[in-house]
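Read-outs: derived from the displayed coordinates by stated rules, not from any lab. Source: prediction; values computed, not measured. Positions of Cβ are backbone-derived with ideal geometry, glycine not excepted, and every protein chain shown enters the neighbour counts.
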Amino acid sequence: MMLPLKRAREGARSEHRALNDAFREWLIQYGSRRVGVAEVKELYNSLRHVNAGRKFTRDEVNERR
C-alpha cells in the first residue's frame with residue numbers, strides 16, 4: 001500500500017509542480033471558504049485513522065527537495 005504522502009508527491013510530480021505548491025493552492029482554496037465547526041470536526045474524524053508510525057524530526061518536517 002502506497003503511503004498518502006508518497007502518492008501526493010508523485011501526483012504533484014506528474015503535474016510538473018512541487019507538492020508544496022499544490023498544498024499551498026489547496027490551502028488558499030480551503031481558506032477562502034467559511035468552514036464551520038462541524039466541518040472541522042468531520043475532517044479530524046475522517047483523518048483519525050492516519051498514523052505515520054513515528055514522530056518526525058524538525059529537519060524531516062522542514063525538508064526541502
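Taking R0 as 25 Å, what's the FRET efficiency between D59 and S32 from their Cβ-Cβ distance, rounded to 0.05? Walk me through the numbers before you get to the answer.
Working: r = 32 Å, r/R0 = 1.27.
Step by step, r from the Cβ atoms, then E = 0.20.
For the chain, what is the charge dipole size about the Cα centre, in debye to the nearest 20, if Lys and Arg each add +1 at the Cβ and Asp and Glu each add -1 at the Cβ?
Working: 15 positive and 9 negative charges, 27 e Å.
Magnitude of the dipole: close to 140 debye.
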